[in-house]
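Read through the structure below, which is laid out as structure tokens, and then see the notes.
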Amino acid sequence: MKIAKSLLSRRTFAGLAGAAIIAVAMPVQSFAADVTIPIIVKDTTSFYWQIVLAGARKAGKDLGVNVPELGAQSESDINGQISILENAVAGKPAAVVIAPTEFKALGKPVDEAAKSVPVVGIDSAADSKSFVSFLTTDNVAGGRIAADGLAAAIKGMTGKEEGEIAIITSLPGVGSLDQRRQGFLDEIKSKYPGLKVVADKYADGQATTGLNIMTDLITANPKLVGVFASNLIMAQGVGQAIAENKLGDKIKVIGFDNDDKTVGFLKSGVLAGLVVQDPYRMGYDGVKTALAASKKEKVPANVDTGANLVTKANMSDPKIDALINPKVK
């Protein structure tokens, strides 16, 4: 009840502010002043999602829109995210921006939400055709980038694109992760016949599990020369295992996404590379697109927000530096 009163008071205040703005002949801002567009991420505790929220927050400030920042405490809390979506829609916002946690499970909830408000998807897909727009990295392309980066790192270490490699996926059934995995495997199969995938593992979304899986792989596969860790949490866990066993010069690892820990691993040679998305843009453009959709404006059905391979060699480039050192606050 307190939340509802808070929202009401903010809307009332915003409405008064809008009236004042009209009085000084600035009607553009008055439309957006009392508009609420919640953004729902997978995990509010993760650095990656904090960057997404920072982008959404900035969009809210620039556009004069209320942007409640919502999400579960873990990417594995699928039911939690569904409840958050249902509650957000019940508040009758102008639109909703969401990064679905799981492809199948979020399909019907997104369909149901879209009956009431425009829904903009970011980052990961859901089993729904109800999104008015979808902004994401081309995750299949991201997986291919990871494969190319891993092959190059292995060649730099051994002089050839050959050897045993592994892939560790954070969670099964997540659209973006499944696509990265598929892109990686397709690229390895089509371009690098000398690289043999000897392990294709799924974790439970926890860095500790990634650490344990990697530790087991080190023991079970003494000829292992490379690993693709398909998201930030797995890159943290795998990187920790490589660091603890001092194997950065013997097993090359490509991760996905970044935070201070994984960038530190990259600088020290524990990781060979990181495929970095543009989560800030996802958050910012997600809110901007949702506002346009709420005004019945035409919006693009799909937007590729891009991905880049970051290595120790290019991490100081201005474009790359802006991606790995975003302004979160």
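The values are calculated or read from the model by the stated rules, or taken from the named source; none is laboratory data. Nothing here was measured: the structure is a model prediction, and the numbers come from that model. Here Cβ is always computed from backbone atoms with ideal geometry, including for glycine, and neighbour counts include all displayed protein chains. The accessibility values were calculated without ligands, DNA or RNA, using every heavy atom of the protein model including side chains. Shrake-Rupley method; radii C 1.70, N 1.55, O 1.52, S 1.80 Å.
Taking the Cα centre of the chain as origin, work out the dipole magnitude from +1 charges on Lys and Arg Cβ and -1 charges on Asp and Glu Cβ, in debye rounded to 20.
660
Could you tell me the calculated FRET efficiency between LYS108 and ASP200, based on Cβ-Cβ distance and R0 = 22 angstrom, to the nearest 0.05?
With a Förster radius of 22 Å, E is 0.15.
Would you list which aspartates and glutamates come within 12 Å of LYS108, measuring only between C-alpha atoms, while excluding same-chain residues fewer than 8 positions from it?
Straight-distance partners of LYS108: GLU86, ASP127.
Stretch LYS295-LYS115 to full length: gain in nm at 0.36 nm per residue minus the Cα-Cα span?
63.2 nm
Modelling each spin label as a point 7 Å along the Cα-to-Cβ direction, I'd like the LYS61/LEU247 distance in nm, to one decimal.
A separation of 4.4 nm, rounded to one decimal place.
Taking only DSSP H segments of four or more residues, each worth -39500 (n - 2.57), what value at 222 nm results for the chain once the sum is divided by all its residues, to the nearest 500 deg cm²/dmol?
-15500 deg cm²/dmol
Filter LYS115/LYS189; LYS261/LYS296; LYS42/LYS296; LYS58/LYS296; LYS191/LYS327 down to the pairs with a C-alpha to C-alpha distance above 32 Å, please.
LYS115/LYS189; LYS261/LYS296; LYS191/LYS327
Suppose R0 equals 35 Å; then what is the FRET efficiency for SER83 and VAL328 from their Cβ-Cβ distance, rounded to the nearest 0.05?
Here the calculated transfer efficiency is 0.85.
With every protein chain kept in place and ligands, DNA and RNA left out, what is the accessible area per residue of the chain? Probe 1.4 Å, answer in Å².
It amounts to 45 Å² per residue over the chain.
Once you have all Cα-Cα distances for the chain, histogram them in 10 Å bins from zero and send the whole-percent values.
Bin by bin from 0 Å, the calculated values are 6, 26, 31, 20, 11, 5, 1, 0.
Lys/Arg Cβ at +1, Asp/Glu Cβ at -1, dipole of region 163-236 taken about the Cα centre: which of PHE184, LEU211, GLY173 is farthest positive-ward?
Of the candidates, PHE184 comes out farthest on the positive side.
Which value in nm describes the separation of the simple spin-label points at GLU162 and ASP127, placed 7 Å from the Cα toward the beta carbon?
Reported label-point gap for GLU162 and ASP127 is 4.4 nm.
Helix hunt in the chain: which complete DSSP H runs extend at least 27 Å axially by C-alpha with mean Kyte-Doolittle at least 0.0?
Flagged H segments are 2-23, 139-158.
Please list, or write none, the aspartates and glutamates whose alpha carbon is within less than 14 Å of the alpha carbon of LYS129, excluding same-chain residues fewer than 8 places away.
The qualifying aspartates and glutamates are ASP111, GLU112.
Mind listing which trypsin sites (Lys or Arg not before Pro) in region 129-216 are in a DSSP loop and have 15 or fewer other Cβ atoms within 10 Å?
LYS129, LYS160
Please give the Cα centre distance for region 166-187 versus region 290-309, rounded to the nearest Å.
Cα centres, region 166-187 to region 290-309: 24 Å.
Take the solvent-accessible surface of the protein heavy atoms, probe 1.4 Å, and return the percent of it on the chain that carbon and sulfur atoms account for.
Solvent-exposed carbon and sulfur of the chain make up 55 percent of the total.
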